[in-house]
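Read through the structure below, which is laid out as structure tokens, and then see the notes.
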Amino acid sequence: MAIRKSAKLPQTAVLKQILKRCSSLGKKHGYDEHGLPDDVPKGHFAVYVGENRARYIVPISFLSRQEFQSLLQQAEEEFGFNHDMGITIPCEEEVFEALTSTLR
């Protein structure tokens, strides 16, 4: 569910929508009946990045990109995937943000 700029909505309304969706990031929320976090939209998943484990919501489409697959391989080598901490990406937040901005 992407937020699209519409000819009907003024720029301020679009910005408010973006802020409303992003304001839930990093907060602890409940889970739905399937055990999935309420604040992760369909077609996305959460990853944790850097020493502070900053939480990012990324689209599932990133899984098919070689650049993101390389990050997942590094995560598996460093942390493995058999733990309760979620997918943790072992790189600095700035590097992750730069990479994901090129994938969008």
- Query: Name the pairs: first residue in region 91-104 and under 14 Å from Leu63 (Cα atoms) and open to solvent by less than 70 Å² (accessible area, probe 1.4 Å), second residue not acidic (Asp, Glu) and not in a loop (DSSP other than H, G, I, E, B), Cβ to Cβ under 7 Å, at least 6 apart or on different chains?
  - Reply: Thr100/Val58; Leu103/Phe62; Leu103/Phe68
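Results for (1) modelled with pLDDT of 75 or more; (2) of a type in the set (Asp, Glu), shown as yes or no for each residue.
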site: Leu9; (1), (2): no, no
site: Ile18; (1), (2): no, no
site: Tyr31; (1), (2): no, no
site: Leu36; (1), (2): no, no
site: Ala46; (1), (2): yes, no
site: Glu51; (1), (2): yes, yes
site: Pro90; (1), (2): yes, no
site: Glu93; (1), (2): yes, yes
- Task: State yes or no: is Gly26 in a loop (DSSP other than H, G, I, E, B), modelled with pLDDT under 60 and open to solvent by less than 90 Å² (accessible area, probe 1.4 Å)?
- Result: yes
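Among the residues of region 49-95, write down those that are touching a Cys at 6+ places or on another chain (Cβ under 8 Å) and within 24 Å of Asp39 (Cα to Cα). Please lay out each step first, then the result.
Restricting attention to region 49-95, the residues satisfying the condition of being touching a Cys at 6+ places or on another chain (Cβ under 8 Å) are 49-50, 71, 74.
Those that are touching a Cys at 6+ places or on another chain (Cβ under 8 Å) and within 24 Å of Asp39 (Cα to Cα): Val49, Gly50, Leu71.
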- Query: Residues in region 60-84 that are surrounded by 16 or more Cβ atoms within 10 Å (Cβ to Cβ) and under 18 Å from Arg104 (Cα atoms): how many?
  - Reply: 3
- Task: Collect the residues in region 45-59 that are in contact with a helix residue (DSSP H, G or I) (Cβ under 8 Å, 6 or more places away or on another chain), in a strand (DSSP E or B) and open to solvent by 20 Å² or more (accessible area, probe 1.4 Å), keeping them in residue-number order.
- Result: Phe45, Ala54, Tyr56
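The values are calculated or read from the model by the stated rules, or taken from the named source; none is laboratory data. This one's a predicted model, so the numbers in the text were calculated from it and none came from an experiment. Because the Cβ atoms are built from the backbone with ideal geometry, glycine has one as well, and the counts that use them run over all protein chains shown. Areas reflect the complete protein model, heavy atoms only, side chains present, ligands, DNA and RNA absent. Shrake-Rupley method; radii C 1.70, N 1.55, O 1.52, S 1.80 Å.
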